[in-house]
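J.: For reference, the structure I am asking about is given below.
The values are calculated or read from the model by the stated rules, or taken from the named source; none is laboratory data. As the structure is a computational prediction, the values presented were derived from the model and not from experiment. A quick note on method: Cβ atoms are made from the backbone with ideal geometry, for glycine too, and the neighbour counts reach across all protein chains shown. Just the protein is used for accessible areas: all its heavy atoms, side chains included, with ligands, DNA and RNA removed. Shrake-Rupley method; radii C 1.70, N 1.55, O 1.52, S 1.80 Å.
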Amino acid sequence: MIMEAIATAIQFLGGTLPAVIILAIVNLILLALLIARVGSSFRNFGRALGSALGVGGVVAILSVFLLPAHTGASWANLHGAVDYLGLFVISAGLGVAAAAAVFPPIQYLLGMGSSSRRQHQSARA
Amino acid sequence: MTDHNPSGSEGLDLKRLVEACTRRDFLKLSGMGTGAVAAGALGAGALLHSEPARAVRTDARIVIVGAGAAGLNAANRLRRALDGAEITLVDRREDHYYQPGLTLVATGVWPQSKTEDRNERYVPRGVNWVKAMVEEYDPENNRIVTDEGETLEYDYLVVTTGLELRFDHIEGMDADLIGSHGIGCVYDNPRHAAATWSAIDDYLAEGGKGLFIRPPGAIKCAGAPLKMTMITEHRLRQRGMRGNAELHYYAPGDGLFSQPDIDDFLKRHFPEERDINVHWHHRVKGIEPEEKRVTFESDEDGEYTESYDFIHLPPSMSAPKPLRESELAAQEGSHADGGWLEVDQYTLQHKRYPNVFGVGDCCGVPIGKTSATVKNMTPVMVENLVQVIQDRDPSAEFDGYTSCPLITEIGQAILVEFNYDLEMVPTFGFISPYREHWMAWVMKEHLLLPAYNAMLHGRMS
Ligand SMILES: Cc1cc2nc3c(=O)[nH]c(=O)nc-3n(C[C@H](O)[C@H](O)[C@H](O)COP(=O)(O)OP(=O)(O)OC[C@H]3O[C@@H](n4cnc5c(N)ncnc54)[C@H](O)[C@@H]3O)c2cc1C
């Protein structure tokens, strides 16, 4: 079942798969640089996480309101808990994905100052 | 029957038969040592690596006829399950149509292009693709003949040719009429589905009498004529034209759907909630496109003519001509009329030719001419074929799984899934198969195409 879901997801992403893979690789590189403290660090982690979650939250809320119409449906087409739960789960998923996508660059930008100061200090020493 | 064998031999050739049998026996013996691994290798069919760790070693020549949903899925699965097999796929068609999406094209939800693809994206490496149509099956001699005159010999044959739309069963009807004279038909191909939408679009603007036909006999996606009716009714409401339109649905028997709960639902839903008049025991005899008139044969009213402003007119369906006129077709019983492939409904092995298997719409099985059925049939067929190659009895059983996302309106559908016993077998327990859901619509519109494409790659079970 999991493998089938992955196979379906790969087909679902279709032409956008290369872009998604590039974004994931860039984010992984940024995370690796952050962990290795190259050019930036996890300083201001709280602010970075908050900003990323904020972006994710906005995406999730917009998704709740826009998703039914985006699928050609009206609110009257949502029947019972299953449909509303589905809508919230999909929207939450999109929100988490958006937050995960923006966190590494935000963290990198907010953590940059600390790293350069540290490099500066070590250079003086 | 014309013999296109360049060697010029005709009829039953005993020497060839003995040779072929001997060859198959040898292949079975060589495959037996790998007995225990077959199931494992097949189970791995759903995994995301290109070759199973232990595929079954064989030199078998396997010919798959038809590169549609079933043929491509079978080619990919057999390619992974067998090591050394010579697999040949025969089909001239290079375009691939996502047929389950045609309903959405014919109702203006999707553009035509969304259902159009290329077979070459799914034909696995190492499989020989013969771009021709099979014209003659010669199961006595284990060979097929193409319309190019080429003879292909096989040890095992997999028939996946889908079905033929029998426009010739309706006097005055021709596929080229689709889209003109108020005639629509969702079944043929993406171009005709788009032409159906243009005919419906005109009808939505003008209103008038809309007739929706369910042809007699086994048809693929038996829900499609119902969906076309309900979505057109919804489109009329969306355009504020429902009051100007009168809708009629004509059924050949006294049911609307084979699954009894859904049948009950539709028998209430059509007249009571959608104001659609249902006429039982009606079959279309002929059409006069210029006059926009259709002639029915009815058990109660005999033969009579009706005028229309729009008619959705799918024809009856049968196995493609070369198959239905061959020895492989059912010779008696309920599947003989359509010339369907005579397979055991559980093992999908031919009842008279044990080295022949079938998958998909061409099979003479009680229900299930859907791509969802193909998804579940193919792993069963592959497992059984591999067992036969290994001289074992086929043990995997297909349960008749059939699925139809029954769109009742744009934006909602009932995800109906059932088996040979007509019991509901929902894949997602949390989505009721008895009521309309937006989630079922989301699946139909967004997830089933990627799932179908994954199936063509042999990645879905
Ligand atoms: C309008 C519509 C709506 C549908 N909706 C759904 C749905 O919602 N859900 C669902 O699961 N299914 C649905 N289906 C059904 C589904 O598309 C079919 O059941 C499925 O495509 C069957 O696969 P197949 O491989 O048996 O046949 P096909 O996919 O039709 O492929 C048959 C292939 O065989 C080839 N062929 C034919 N004769 C020969 C020959 N003599 N030699 C060589 N090759 C040959 C053809 O060229 C073709 O490529 C729908 C179908 C239609 C038309």
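J.: Using the Karplus curve 6.51 cos²θ - 1.76 cosθ + 1.60 with θ = phi - 60°, what ³J(HN,Hα) values do you get for each residue of the range A:20-30, in whole Hz, with x for Gly and Pro?
T.: Taking θ as phi minus 60°, the curve returns 5, 5, 4, 4, 5, 5, 4, 5, 5, 5, 4 Hz for the range A:20-30.
J.: A further question follows. For B:G182, what is the net charge nearby, where nearby means another residue's Cβ is under 12 Å from its Cβ and Lys, Arg count +1, Asp, Glu -1?
T.: After counting each charged neighbour, the total is -4.
J.: While we're on this one: Only Cα pairs within less than 10 Å get springs; with that Gaussian network setup on chain A, which residue of A:L33, A:L109, A:L66 has the largest fluctuation?
T.: In this elastic network of chain A, the residue with the biggest mean-square fluctuation among A:L33, A:L109, A:L66 is A:L66.
J.: Could you tell me the convex hull volume per residue, in Å³, taken over the Cα atoms of chain B?
T.: Given the Cα convex hull of chain B, per-residue volume reads 139 Å³.
J.: Shifting gears a bit: Taking +1 at the Cβ of each Lys and Arg and -1 at the Cβ of each Asp and Glu, which of B:A454, B:P271, B:G400 sits farthest along the dipole of the protein assembly as shown towards its positive end, judged by Cα position relative to the Cα centre?
T.: The residue sitting farthest along the positive end of the dipole is B:A454.
J.: Under a Cβ-only charge scheme (Lys and Arg +1, Asp and Glu -1), can you give me the dipole magnitude of the protein assembly as shown about the Cα centre, in debye to the nearest 20?
T.: In total the dipole reaches around 4200 debye.
J.: Could you state the number of Å between the C-alpha centres of the range A:17-33 and the range B:353-380?
T.: So the separation of the two Cα centres works out to 43 Å.
J.: Just counting partner chain Cβ atoms within 10 Å, what average do the residues of peptide B:446-454 show around their Cβ?
T.: 5
J.: Now a separate question. What does the net charge come to around B:F296 if you take all other residues with beta carbon closer than 11 Å to its beta carbon, with K and R at +1 and D and E at -1?
T.: Result for the neighbourhood of B:F296: -3.
J.: Across the Cα atoms of the protein assembly as shown, what radius of gyration and what greatest pairwise Cα-Cα distance (Dmax) are found, in Å?
T.: My reading of the Cα-based Rg and Dmax gives 27.7, 104 Å.
J.: Non-local amide H neighbours of B:Y353 (under 5 Å, H modeled in plane, Pro and chain starts lacking H): which ones?
T.: Close amide H contacts, sequence-distant or interchain: none at all.
J.: With all protein chains present, calculate the accessible area of B:D254 using a 1.4 Å probe and round the result to the nearest 10 Å².
T.: Result for B:D254: roughly 100 Å² accessible.
J.: Roughly how far apart, in whole Å, are the Cα centres of the range B:159-232 and the range B:77-120?
T.: 21
J.: Any chance you could look up the accessible area of B:M133 with a 1.4 Å probe, heavy atoms only, rounded to 10 Å²?
T.: Approximately 90 Å² for this residue.
J.: While we're looking at this one, here's another question. Amide H to amide H, which residues 5 or more places from B:T161 or on other chains are under 5 Å from it, using H placed in the peptide plane?
T.: Here the answer is B:C362, since their amide H atoms fall under 5 Å of that of B:T161.
J.: Now for a different question. How fast does the range A:2-124 diffuse by Stokes-Einstein, in µm²/s, taking the Kirkwood radius from C-alpha pairs at 4 °C and 1.567 mPa s?
T.: My calculation gives 77 µm²/s for D.
J.: Here's something else I'd like to know. Tell me, what HN-Hα J-couplings in whole Hz come from the Karplus equation 6.51 cos²θ - 1.76 cosθ + 1.60 at θ = phi - 60° for each residue of the range A:61-75, using x for Gly and Pro?
T.: 5, 4, 5, 4, 7, 9, 4, x, 5, 4, 8, x, 9, 10, 4
J.: With +1 assigned to the C-beta of every Lys and Arg and -1 to the C-beta of every Asp and Glu, and no other charges, what is the dipole magnitude of the range B:167-316 about the Cα centre in debye, to the nearest 20?
T.: Numbers: 16 positive and 27 negative charges, 132 e Å.
Approximately 640 debye in magnitude.
J.: Rolling a 1.4 Å sphere over the protein heavy atoms, what is the accessible area per residue of the range A:2-124, to the nearest Å²?
T.: Value for the range A:2-124: 58 Å² per residue.
J.: Specify which residue in the list A:Y108, A:F88, A:L66 is farthest towards the positive end of the charge dipole of the range A:2-124, using unit charges on the beta carbon of Lys, Arg (+1) and Asp, Glu (-1), about the Cα centre.
T.: Comparing the listed Cα positions along the dipole, A:Y108 ranks first.
J.: Using only helices, what value at 222 nm comes out for chain B when you add -39,500 (n - 2.57) per DSSP H run of length 4 or more and divide by the total residues, to the nearest 500 deg cm²/dmol?
T.: Taken over chain B, the calculation gives -8000 deg cm²/dmol.
J.: If you take the charge dipole of the protein assembly as shown about its Cα centre, with +1 on Lys and Arg Cβ and -1 on Asp and Glu Cβ, which of B:F296, B:G149, A:A99 is farthest toward its positive end?
T.: The listed residue farthest towards the positive side: A:A99.
J.: I would also like to ask the following. Let me spell out the model: positive unit charges on the Cβ of Lys and Arg, negative unit charges on the Cβ of Asp and Glu, origin at the Cα centre of the range A:2-124. What dipole size does that give, in debye rounded to 20?
T.: Numbers: 6 positive and 2 negative charges, 190 e Å.
Approximately 920 debye in magnitude.
J.: Excluding A:E4 itself, what net charge comes from residues whose Cβ is under 11 Å from its Cβ, given Lys and Arg +1 and Asp and Glu -1?
T.: So the surrounding residues net to +2.
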